[in-house]
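Colleague: Structure in structure tokens, see below.
No lab work stands behind these numbers, since they all come straight from the coordinates. Remember, predicted model here, so these are calculated numbers, not experimental data. We place every Cβ from the backbone using ideal geometry, glycine too, and count neighbours over all the protein chains shown.
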Amino acid sequence: MKIKLDFNPDKINVGQFVGFTIHDGDLINQIQSITKLSRKEVMMLTPSQMMDIKNAFNDSLNNVESKFIAKWKDYAFVPDINAITFGEWLDLDAHCKDFPKQLTKILSILYRPVKNQLINRYEIDDYDSNIHLKNSDDFNDMPLMIANGAMVFFSNIENELLNHFQEFSNQQMKSEMMKAITIMKEALQQQAN
């Protein structure tokens, strides 16, 4: 069987990446994920062809760059990542734990339908996990370089948020400890009297 494939790093999409990655060790499903060939068609390939396809795709994956793009199709990236809701953050955190399998869900939280737009400014739908996670399959077609850009941007912000949260937690803990010490001192003084 003769097939022609184009694994240009700019053309690799999220669905191919996720399918290839989650099926590591299962060559047939990896080939299906990256070529969109049926199982029957994959079974018609020679082992050499299958390994050539896998190696070519893997080489291209290693050359995918990151490119942050705020708008993709009818979706736009969260305009102010520092202002995400606690619900968004919790869902992002939960789905990041099952990366790359949940990449499309992560993207459906970060990129949401545009509600209003005026020139370069836009407003996206308020986050509702019941609605937006259903859009996750749309992101299988997103170029991987755009997803990489979003993930790099998000991970930088996530690190900042975690640092601020840790600073706040440390300050909060110190404050609570000082309150507890004060209460203990007052209790000891009352017992002494």
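Colleague: Please rank Tyr75, Tyr122, fewest neighbouring Cβ atoms within 10 Å first, as an exposure proxy.
Modeller: Ordered by Cβ neighbours within 10 Å, fewest first: Tyr122, Tyr75.
Colleague: Mind giving me the FRET efficiency for Trp89 and Arg39? R0 is 35 Å, r the Cβ-Cβ distance, nearest 0.05 is fine.
Modeller: 0.35
Colleague: Here is a follow-up. Dipole magnitude of the stretch 14-61 about its Cα centre, charges +1 at Lys/Arg Cβ and -1 at Asp/Glu Cβ only, in debye to the nearest 20?
Modeller: Dipole size: approximately 180 debye.
Colleague: Let me ask something else about it. Given a Förster distance of 35 Å, report the FRET efficiency between Val152 and Asn116 from their Cβ-Cβ distance, rounded to the nearest 0.05.
Modeller: Once the sixth-power term is evaluated, E becomes 0.80.
Colleague: Given points 7 Å out from each Cα along the Cα-Cβ axis, report the Leu27 to Ile3 separation in nanometres with one decimal.
Modeller: Label at Leu27, label at Ile3, 1.4 nm between them.
Colleague: P(r) tail for the stretch 14-61, what percent of Cα pairs lie past 18 Å?
Modeller: Here the long-distance tail beyond 18 Å is 16 percent of all Cα pairs in the stretch 14-61.
Colleague: Here's a follow-up. Quick one: what do you get for the stretch 1-106 if you divide its Cα Rg by 2.2 N^0.38 Å?
Modeller: 1.30
Colleague: How big is D, in µm² s⁻¹, for the stretch 76-149 by Stokes-Einstein at 10 °C and 1.306 mPa s if Rh is the Kirkwood radius over C-alpha pairs?
Modeller: 125
Colleague: For the stretch 49-122 and the stretch 1-45, what is the separation of their C-alpha centers, rounded to whole Å?
Modeller: 21
Colleague: Sorting check: for 31-38, 86-93, which peptide has the highest mean count of neighbouring beta carbons within 10 Å, and how do the rest follow?
Modeller: Top of the packing list down: 31-38, 86-93.
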